[in-house]
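For reference, the structure discussed in these notes is given below.
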Amino acid sequence: MTWVVILGLAAVVFALMAFVLKMPRPAWEIVGAALMLGLAGYAVQGHPGAPGAPKAPLEDQRTADAELLRQQQTMGDKFGQGQSWLVVSDALSRAGQFRAAADFLGQAVRRNPRDADLWVALGNALTGHSDGTITPAAEFAFRRAAAINPDHPGPPFFMGMALAQSGHLTEARELWAGLLQRAPANAPFRADLVARLDRLDQLIAMSNAPPAADGAPAPAPPANPQPAPASPSAPASTNP
């Protein structure tokens, strides 16, 4: 059936050129030869019966944590002017396209090198692209944001998150403890940060616990600390 369709298309093309477009009769042989050459090439190289072989997507299908993206937006909404860039990069991160988001934000920081929000977003995109592990490039982006605006809560918070996910619990705690000490009492992220610090302290205590009595090592804690759920009686806290 494939050959019937191909031959039919070749005949239609020749008819259009010869009778509709009024191709000169001496050119009929040249056009016919060209069509036959194309058919011969397909006969040699084409494989219409071969099954399809779709490629895996270049980026994995992980998606960015929606709550963390919202926290990034809340922490940065008054510190920079790069919101139009952040809207696009957040959409890419939500779709799991961290490499595309990082490339896009790389252009953004080149055009807006003094925007701390963009540097924070770049650090998050680079961390997401490396499966949650902090890389030298991501660390540079976070530190650059902190140098631009020391009062910005995003750099220590998200760098601490990346460090914790990478297993550097003590370093993450130092960053979060410093941020909590500087944060105003009414900061919208304060309650969430306290919960994360409590959970991180538990993980550090577990990692420093002595081996069990039978000599078996203590179970390793998870690398991504999450805040403990609030009790039903406690008032709902703002979790940007």
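Coordinate-derived values only; no laboratory data. All values reported here derive from a predicted model rather than from experimental measurement. Ideal geometry is used to build each Cβ from the backbone, glycine not excepted, and the neighbour counts take in all protein chains shown.
Summary table below
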{"item": "Per-peptide average of other Cβ atoms within 10 Å, ordering 179-186, 101-108 highest first", "result": "101-108, 179-186"}
{"item": "Sites ARG99 and VAL12, calculated FRET efficiency, Cβ-Cβ separation with R0 30 Å, nearest 0.05", "result": "0.10"}
{"item": "Overall form of the stretch 102-184 per C-alpha gyration tensor (a/c, 1.5; a/b vs b/c)", "result": "oblate"}
{"item": "The stretch 66-207, relative contact order [Cα under 8 Å, separation at least 6], %", "result": "18"}
{"item": "Peptide ranges 112-121, 136-145 listed from the most packed, as the mean C-beta count within 10 angstrom indicates", "result": "112-121, 136-145"}
{"item": "Virtual spin-label span in nm between SER84 and GLU139, 7 Å along Cα→Cβ", "result": "3.5"}
{"item": "Peptides 192-203, 153-164, 123-134 ordered by average Cβ neighbours within 10 Å, highest first", "result": "153-164, 123-134, 192-203"}
